[in-house]
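Remarks on the structure that follows.
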Amino acid sequence: MEDTKLIPVPSAQRWREFRIGLLPWVVFLLVALAIATLWKQVVTPSAVVGEVATVQYQVRSLYDGTLLNLAVEPFAFVRKGEVIGTVTPVELTNTLADIAVAVSSLELERLRTGMNVNRNLLELSTLELNRLQVMSDAELAKADLAVKKVELDREKELFKIQQSSQALLELKTAAYERAKTVVEQLNLRIRGYEEQLKSYREGQQHLEMRGQSDAVDKAIIAKTNALMIASRPIPLVAPADGIITSLAHRSGEKVRAGEPIAVIIETNATYIVGYMRQPIVHMPRVNDDVQVRTRGHSRLTGGAKILKVGAQFDYMNPALVTPDNNRHEKALSFMVSIPAGLPVKPGEFVDLGFGN
């Protein structure tokens with residue numbers, strides 16, 4: 001009787017048949033699927049793109065003048081309310097010349113009326129002008145002292161976190177002490193002039209000259225007040241925490257009213273401006289869920305929500321979708337929140353996607 005039992009196929013033979021007949025097709029399908037996925041995510045431009053908003057502040061002067069004591073450099077970090085420099089609106093020498101002309105006009109009027117010029121009155125006018133000069137120098141010195149104080153405080157903070165050396169801290173301390181000494185010396189000179197002026201005024205004995213003296217005094221006081229208001233340095237204050245990205249002027253240069261002096265960029269991103277390209281597949285709405293994906297090698301993602309939606313289609317930045325800067329495309333803009341924990345920088349390009 002013949003044995004009809006089937007001879008089993010060896011496993012090596014089955015593997016050989018699978019490797020020759022089926023495995024190439026499986027590998028081909030997997031590679032094609034991977035290429036399609038990479039093409040869609042990396043090569044093909046996304047239909048919904050976005051740019052992390054950049055919040056920019058410009059520091060300007062309200063008056064024409066000279067920029068002094070500029071204490072920052074590009075890429076320096078500043079805090080809100082920090083004084084970065086001062087602007088002196090009016091040239092001191094020109095204003096002093098105006099005061100001298102006004103006093104001379106009063107003296108000429110006195111001569112026309114037949115009155116003799118009182119020597120003490122001339123000396124009084126000279127002392128007033130000298131006191132005015134010292135007071136203006138004191139205002140400038142006080143502004144310089146304030147800047148030196150800010151620089152010293154900043155250097156102390158850097159020294160505490162070991163970002164600065166002991167020698168640089170001592171140099172800033174010495175500069176602050178020198179500026180403080182200058183202010184004290186100018187204050188002493190001002191008090192000396194005031195004592196001399198008081199003695200001259202008390203020595204006036206001729207009543208007929210008192211009216212002319214009062215007129216000159218009032219003219220000098222009025223010009224003095226105008227000078228002190230006009231020549232007082234105007235501080236330039238940082239409006240927010242951020243990085244100095246550019247400086248249009250340096251210390252000692254003339255600036256015009258309203259002209260940008262420094263540009264500050266906030267370091268913390270606050271929102272993303274998204275663009276829905278045409279044709280619109282899904283109309284964005286407020287509170288819709290959005291997936292934010294960075295364009296770096298790690299392709300980090302995070303969940304966010306739509307905060308606001310624009311009312312019309314606007315031209316978008318062509319660099320978001322193509323290297324061709326001459327391409328102009330309109331898209332529907334909307335505002336997206338920053339995903340928690342997603343490290344994005346102002347001005348960074350991202351891709352967006354809807355949850356549904």
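Just so you know, all these numbers are worked out from the coordinates, no wet-lab data involved. Remember, it's a predicted structure, so these values are computed and weren't measured experimentally. Cβ placement follows ideal geometry from the backbone for every residue including glycine, while neighbour counts extend to all protein chains displayed.
For a footprinting-style exposure proxy, rank 29, 332 by other Cβ within 10 Å, fewest first.
Ranking 29, 332 by Cβ neighbours within 10 Å, fewest first, gives 29, 332.
Can you tell me which of 153-164, 53-64 comes out highest on packing, and rank the rest after it, using the mean Cβ neighbours within 10 Å?
Numbers: 153-164: 12.9, 53-64: 15.5.
So the peptides 153-164, 53-64, ranked by packing, come out 53-64, 153-164.
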Query raised in the report: For segment 265-344, which trypsin sites (Lys or Arg not before Pro) are both in a DSSP coil and crowded by at most 12 other Cβ atoms within 10 Å?
Result: 285, 299, 327
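Could you work out the mean projected area of the convex hull around the alpha carbons of segment 306-356, in square nanometres to one decimal?
Values: hull surface 18.7 nm².
About 4.7 nm², averaged over all directions.
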Query raised in the report: Which ³J(HN,Hα) values in Hz, rounded to whole numbers, follow from the phi angles of segment 178-183 under the Karplus curve 6.51 cos²θ - 1.76 cosθ + 1.60, where θ = phi - 60° and Gly and Pro get x?
Result: 4, 5, 5, 5, 4, 4
Query - Burial ordering of 349, 18, fewest other beta-carbon atoms within 10 Å first - result: 18, 349
